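Participant: Before I ask anything, let me first share the structure, which is written out below as structure tokens.
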Amino acid sequence: MKSKNSVKKHDFEILINKAIHLLKDGEKRLNLSIFNSKMELLRDFTPDISDTLASDYGISSSNKSLEANFFEEINLIEKLLEESRYPIELADWQKSSENLGTEKIYKKMNRRSYALQIWSFHAIPWRFDNDLVHLIWAPEDVMGTPIIMTFEIEYFLSRVSNRYETQYFEIIKKQKQLEFWMKYGIILTLVLLILLSVFFKI
């Protein structure tokens, strides 16, 4: 079942710092900074619908080692959330009288959802091994499995560098457009001031 709860990106530095120290090679798996541009950089590698459906149905990936690492990270984040007594909100439908007695189940489910979102913000999504790069995508479903995609390093780096290059030229283009409109605005303002000056002198 998919949860619609959301968490603030900057609330969990202490929790992530603990997780980094508790995990083996934690600094290679999680990071205090948030990968704001991660989705844009990895857009060329976004899982397709078949991968997403397989994940939602809990079908394991072929990379058992990385999948185990993913669940270790998620379970630890979930445990730290519970230990910190972070308030877990319930959706309105979870609070209805028909659901009395199931609050603990829903809170656990929602805590899992929070853990997945925190992981998505702070996890280092690429892992290198044997000249291969493995991309890990968190499941959309709280009961799902991670989507793990593997590429040769040369291919991965070339696609990412192309994405950087595209972004660079897009930024340059926008800067030029901005400069044009700023100059146009200045010229238009000067013309308007001259016209007003002439008008009022008359």
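Participant: Please indicate, with yes or no, whether at least one residue in region 134-155 is surrounded by 21 or more Cβ atoms within 10 Å (Cβ to Cβ) and among the hydroxyl-bearing types (Ser, Thr, Tyr).
Facilitator: No: region 134-155 contains no residue that is surrounded by 21 or more Cβ atoms within 10 Å (Cβ to Cβ) and among the hydroxyl-bearing types (Ser, Thr, Tyr).
Participant: A further question on this structure: Which of the residues spanning region 63-87 are touching a residue at least 12 places away in the same chain (Cβ under 8 Å) and among the hydroxyl-bearing types (Ser, Thr, Tyr)?
Facilitator: Ser84, Tyr86
Participant: Does region 72-91 hold any residues that are assigned to a helix (DSSP H, G or I) and hydrophobic (A, V, I, L, M, F, W, C), and which are they?
Facilitator: Ile74, Leu76, Ile77, Leu80, Leu81, listed by residue number.
Participant: Something else now. State which residue is surrounded by the fewest Cβ atoms within 10 Å (Cβ to Cβ) when the search covers only region 53-70 and only residues that are touching a Pro at 6+ places or on another chain (Cβ under 8 Å) and part of a helix (DSSP H, G or I).
Facilitator: Asp56
Participant: So which pairs qualify, if the first residue must be in region 44-60 and closer than 27 Å to Arg159 by Cα, the second must be part of a helix (DSSP H, G or I) and charged (D, E, K, R), the Cβ gap must be under 7 Å, and the two must be at least 6 apart or on different chains?
Facilitator: Once the first residue is closer than 27 Å to Arg159 by Cα and sits in region 44-60, its partners that are part of a helix (DSSP H, G or I) and charged (D, E, K, R) give Asp44/Arg159; Asp44/Arg163; Ser60/Glu67.
Read the figures in this text as sums done on the coordinates, not as results from a lab. Keep in mind it's a predicted model, so treat the numbers as computed, not measured. Quick reminder, even Gly has a Cβ in these numbers, built from the backbone with ideal geometry, and neighbours come from all protein chains shown.
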